[in-house]
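The values are calculated or read from the model by the stated rules, or taken from the named source; none is laboratory data. The structure displayed is predicted, hence computed values, not measured ones. Here the Cβ positions follow ideal geometry from the backbone for every residue, glycine too, while neighbour counts run over all protein chains shown.
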Number of protein chains: 2
Amino acid sequence: CYRSRCGTPRQGGIVGGSLAVLRCARDLNPAAALEGFSAFSHCWVLYVFHENTNLPREGKTLARRQGQRKGRVPLWQGVCMKVAPPRCPGLRVGVLSCRTPHRPNPIGLSLARVVSVDCAAGEVVLAGLDVVDGTPCLDLKPYLPSYECVPEASVPSWVKASYEEPLMRVEWAPAASAELAALLRGPAAGPDDPGEERAARVDPRPFGSEEELRRALEGTLALDIRSPLQKKLHPNPAAAPGYADGGAEEAAPFFVGDLWFHELHVTYALLPVSPQPDAAPASVRVERVDPRPETPAEADGGLV
Amino acid sequence: CYRSRCGTPRQGGIVGGSLAVLRCARDLNPAAALEGFSAFSHCWVLYVFHENTNLPREGKTLARRQGQRKGRVPLWQGVCMKVAPPRCPGLRVGVLSCRTPHRPNPIGLSLARVVSVDCAAGEVVLAGLDVVDGTPCLDLKPYLPSYECVPEASVPSWVKASYEEPLMRVEWAPAASAELAALLRGPAAGPDDPGEERAARVDPRPFGSEEELRRALEGTLALDIRSPLQKKLHPNPAAAPGYADGGAEEAAPFFVGDLWFHELHVTYALLPVSPQPDAAPASVRVERVDPRPETPAEADGGLV
């Protein structure tokens, strides 16, 4: 129903070092449309929230409403007009009063840093984008700081509190660190491994190095990426006095989750930390790193 | 083709004091959707550029392309992918590298100040919005200065130069000033005018006073609202030595134009000014102010 225009940014997060590749649809004439784009440091990305997960809930609401006032209102009236913001489980606000993807018109808006522009290929590398892989992009617009940077703008206290959420401490299990290195550089050569079998299975691009990719992954995990429901079911434990700072490897995880990042399937565990005044709320340890299976969209070049 | 969501802001301009009323479609359940919205000082407005004027030109381009490579590309390929920014007639940039309304997906994005919110009525008064009356609104999103205010963002020199465009000096012809006062307050009572015939024909709301409405109109005119073509046909004259500063009323206009603003049809004239170092490029004088005829959309409450 929306004319898709540019395609396929990769997994992001509110992480400055996270990179996404945006591929313009070929029939857009990207070489002309992107002329001059690299002269801007930042841009807006308008995209479609194409993976909303509240459809079952909306269906129930609809069914109830159809019984109540059949024929009086359009089918989509009043469907989930209030949501609980992720970090404020007690609060309910209107969908227009927050940035939830569950909106009457599912259009997303994110600011990104322009890393590089390949006009001929129609590819733009963007940093800090919080979208999932395969998100259909509707538009790119340059960021105009003279009009769009308003330092005196104010937000309610519940938004301010969400800015101050402390970050988690990120660690790597030795096996996970070795798995990532092997995926990016190829496995270490054994005595009878021929050279051609040591090809890396994962390309770090658009990241410039393995280190940049690691930092972006760590930045994403440090945000505590659990859903509100997962946080409710697995709250951060009050740290027992026995947990010394840095002794997280002795503690048992209170939550294990996973994340698709870049071409990687990452398994992580949350571990309690000792009760220091400024301590992180928990520690997150990368447990495993597996390659992600190729999807048809990727094999096809990611065009929409 | 887009689900219209909120309706009908009024004429604006990049003018802080300009006000627009945004009316939510009634079937949106605005009372719920807007809950908490008034706690934000600024918001993004996503809307449809519904009055694009380049369709004839695009039609010509299309016809030419269809002859050239019939069937090889979608009908909309490469249609006007480069434009000349308004203040840079010599330059041509890609549509993704500027904020032109002539975009493959005609979605607009503007930042506005939240003036007031009436949840029950589903009406939001916004300041500084640069959209025309009747623009269909797709979404409202709160402005998050912690993520969206990036003072270090950089833009190319042609954008920087457009920030520094000097403003015009605005004056009122005495007759125009009296016409505006009569429209807002009703005509001055003659000896045999009954009271009920003195009703004002124009409501200043959402402006709080006649003075606020005047200032917003003056701010809009000071920007030199002529189209690039009008500017080319009627360039600012090199001021003759005889024009004294403040003596604009003696000079003949070099351009006369009009503007629909609020409920008003405004006729203005551009007059040359004397060649001072920091002088305005020209002077704009309000010549006439007429009431705007009511449109069906307004009579109907402005719902989309």
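Scanning region A:249-262 for residues that are touching a helix residue (DSSP H, G or I) at 6+ places or on another chain (Cβ under 8 Å) and part of a loop (DSSP other than H, G, I, E, B) yields one hit, A:262.
The rows are residues; the columns are (1) aliphatic (A, V, I, L, M); (2) at pLDDT 80 or above; (3) not assigned by the TED database to the domain that holds residue A:142.
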{"residue": "A:26", "(1), (2), (3)": "no, no, no"}
{"residue": "A:33", "(1), (2), (3)": "yes, yes, no"}
{"residue": "A:37", "(1), (2), (3)": "no, yes, no"}
{"residue": "A:43", "(1), (2), (3)": "no, yes, no"}
{"residue": "A:48", "(1), (2), (3)": "yes, yes, no"}
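Residue pairs whose Cβ atoms lie under 7 Å apart, separated by 6 or more positions or on different chains, with the first residue in region A:204-233 and assigned by the TED database to the domain that holds residue A:181 and over 21 Å from residue A:255 (Cα atoms) and the second of a type in the set (Val, Ile, Thr) and in a loop (DSSP other than H, G, I, E, B), are A:216/A:15.
Within region B:152-171, residues that are at pLDDT 95 or above reach no partner that is among the polar types (S, T, N, Q) and surrounded by 18 or more Cβ atoms within 10 Å (Cβ to Cβ) with beta carbons closer than 6 Å at six or more positions or on different chains.
Taking residues in region A:83-94 that are at pLDDT 80 or above, and partners anywhere that are not in a loop (DSSP other than H, G, I, E, B), the pairs with Cβ atoms closer than 6 Å and at least 6 places apart or on different chains are A:83/A:95; A:91/A:158; A:92/A:82; A:94/A:82; A:94/B:32; A:94/B:33.
Take the conditions (1) modelled with pLDDT of 70 or more; (2) within 11 Å of another protein chain (Cβ to nearest Cβ); (3) in contact with a Lys or Arg (Cβ under 9 Å, 6 or more places away or on another chain); residue B:21 misses just one of them, which is (2).
The listed residues are A:97, A:162, A:157, A:146, and the only one of them that is in contact with a helix residue (DSSP H, G or I) (Cβ under 7 Å, 6 or more places away or on another chain), surrounded by fewer than 22 Cβ atoms within 10 Å (Cβ to Cβ) and either more than 8 Å from every other protein chain (Cβ to nearest Cβ) or of a type outside the set (Asp, Glu) (or both) turns out to be A:146.
Being in a loop (DSSP other than H, G, I, E, B) and modelled with pLDDT under 90 is a description that applies to residue A:101.
Among the residues of region A:169-189, those that are more than 20 Å from residue A:223 (Cα to Cα) and crowded, with 19+ Cβ neighbours inside 10 Å comprise A:179, A:180, A:183, A:184. Any residue that is closer than 17 Å to residue B:204 by Cα and modelled with pLDDT under 90 - is there at least one of those in region B:277-292? Yes - at least one qualifying residue is present in region B:277-292. Candidates in region A:109-127 are the residues that are more than 9 Å from chain B (Cβ to nearest Cβ) and buried (at least 22 other Cβ atoms within 10 Å of the Cβ); of these, the one that is nearest to residue B:93 (Cα to Cα) is A:117.
So for region A:85-93 (the condition being more than 9 Å from chain B (Cβ to nearest Cβ), over 23 Å from the mean Cα position of the chain (by Cα) and over 21 Å from residue B:93 (Cα atoms)), does at least one residue qualify? Scanning region A:85-93, I find at least one residue that is more than 9 Å from chain B (Cβ to nearest Cβ), over 23 Å from the mean Cα position of the chain (by Cα) and over 21 Å from residue B:93 (Cα atoms), so the answer is yes.
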